[in-house]
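Data block below; observations after.
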Amino acid sequence: MAVRDVPMAEFLAFTEPGDQDWSWNSQFRYLQDPENGHTEQLRKLFWDIKYSGQEEPVQVGPDSRLWDGHRRVWAIVALGLPTIKVDYVK
């Protein structure tokens, strides 16, 4: 596991949201849409990270796409945190 603290601006600039050709704004709009069923998970994660910090890193693959942690990224952006813990998977 190669976990690093990465500045959020760098993470958002050099990491793609996932398997869709979406922008981060599109990804965040999708997650926040109540019809997609993420509302309660986002709310819980927001407060967990606010009070306990980011305990689990997000995973980024060798293709520079986010493999796991879309809701964590959303919460960290929403909280305005300066860094994100990232596990770069080989």
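Coordinate-derived values only; no laboratory data. Not measured: the values here are computed from a predicted model. A quick note on method: Cβ atoms are made from the backbone with ideal geometry, for glycine too, and the neighbour counts reach across all protein chains shown.
Miscellaneous remarks
Each row is one residue, and each column tells you yes or no for (1) basic (Lys, Arg); (2) out of contact with any Pro (no Cβ under 6 Å at 6 or more places or on another chain); (3) more than 19 Å from Ala9 (Cα to Cα); (4) loosely packed, with under 12 Cβ neighbours inside 10 Å.
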position	(1), (2), (3), (4)
Gln27	no, no, no, no
Leu42	no, yes, yes, no
Gln54	no, yes, no, no
Val58	no, yes, no, no
Ser64	no, yes, no, yes
Gly80	no, yes, no, yes
Val86	no, no, no, no
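- Restricting attention to the range 15-25, the residues that are out of contact with any helix residue (DSSP H, G or I) (no Cβ under 7 Å at 6 or more places or on another chain), surrounded by 11 or more Cβ atoms within 10 Å (Cβ to Cβ) and either of a type in the set (Ser, Thr, Tyr) or part of a helix (DSSP H, G or I) (or both) total 2.
- Pair list, Cβ under 8 Å, 6 or more apart: the range 4-18 residue within 15 Å of Trp74 (Cα to Cα), other residue small (Gly, Ala, Ser) and in a helix (DSSP H, G or I): Pro17/Ser26
The rows are residues; the columns are (1) outside any helix (DSSP H, G or I); (2) surrounded by fewer than 15 Cβ atoms within 10 Å (Cβ to Cβ); (3) in contact (Cβ under 8 Å) with a residue 12 or more places away in the chain; (4) charged (D, E, K, R).
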residue	(1), (2), (3), (4)
Tyr30	no, no, no, no
Leu45	no, no, yes, no
Ile49	no, no, yes, no
Arg72	no, no, yes, yes
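- Looking only at the range 1-14, and only at residues there that are in a helix (DSSP H, G or I) and surrounded by 11 or more Cβ atoms within 10 Å (Cβ to Cβ), the one that is farthest from the chain's Cα centre (by Cα): Glu10
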